[in-house]
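The values are calculated or read from the model by the stated rules, or taken from the named source; none is laboratory data. Keep in mind it's a predicted model, so treat the numbers as computed, not measured. With ideal geometry, Cβ positions are generated from the backbone for all residues, glycine too; neighbour counts draw on all protein chains shown. To get the accessible areas, we keep the full protein, side chains included, count just its heavy atoms, and leave off ligands, DNA and RNA. Shrake-Rupley method; radii C 1.70, N 1.55, O 1.52, S 1.80 Å.
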Amino acid sequence: MLQKIYFQSPIGIIEIQYTEKGVNSLQFVNRETATENQTLDFLGFKITSELEKFFENGAYQMDLPLDMTAGTEFQQKVWKALLEIPAGETKSYRDIAEQIGQSQASQAVGNANGQNPILLVVPCHRIIGSNNALVGYRGELWRKKWLLEHEGALQKSNQINLF
């Protein structure tokens, strides 16, 4: 059964959808507040606890079960590759294309990145353009910049073009 909860983060309200298998959607939403008095089951509590730890410490590696049933086989490959990028690091679309063995597929990687249904946990915000520019983020570029600063990626590489 699909559950839906909301989480108040420092950069906006997050809507989380999950099944008994794990998280299958995590998106920023335009709402004034997170829903009051949510009843959390065990997994809902674990999800919100992991998000709290991440927002307290950007280097924290969230440990959540994922229900990644959406997407094509190619998108699944891209999303799995994103899971391997540690906090504080960035990769380009080209890097991911090469990692999955399809070096000419940078644009397709960008499209798959933009369709990632589980923001933050599947860290598509850690992808930058080959020219080191902050490009594309469904959660809005200002959030991407905030997340990369929070994780320490911008301090490590002052070569990232912020806009």
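Okay, here's what the table says:
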quantity	calculated
Length-normalised contact order for region 73-151 - Cα pairs under 8 Å, 6+ apart - percent	32
Percent RCO, i.e. relative contact order, over the chain, from Cα pairs under 8 Å lying at least 6 residues apart	20
Mean ellipticity per residue at 222 nm, deg cm²/dmol - from DSSP H runs of n ≥ 4 across the chain, formula -39500 (n - 2.57)	-10000 deg cm²/dmol
Residue 49 accessible area, assembled protein chains, probe 1.4 Å, Å²	30
For region 1-152: accessible area per residue (Å², 1.4 Å)	49
Globularity index of the chain, i.e. its alpha-carbon radius of gyration over 2.2 N^0.38 Å	1.02
For region 30-94, the spread of Cα positions along each principal axis, largest first, Å	44, 28, 26
Cut-off 15 Å between beta-carbons: net charge of the residues surrounding residue 3, Lys and Arg +1, Asp and Glu -1	-1
Given 12 as the ceiling on other Cβ atoms within 10 Å, longest exposed-site-free region of the chain for GluC sites (Glu not before Pro) in DSSP loops	85-139
Where 150, 125 fall by accessible area, highest first, once all protein chains stay in place (1.4 Å)	150, 125
Share of Cα-Cα pairs in region 80-148 lying beyond 19 Å, as whole percent	21
Eligible lysines near residue 91 by straight Cα distance, threshold 16 Å, same-chain separation 8 or greater	77, 80, 144, 145, 156
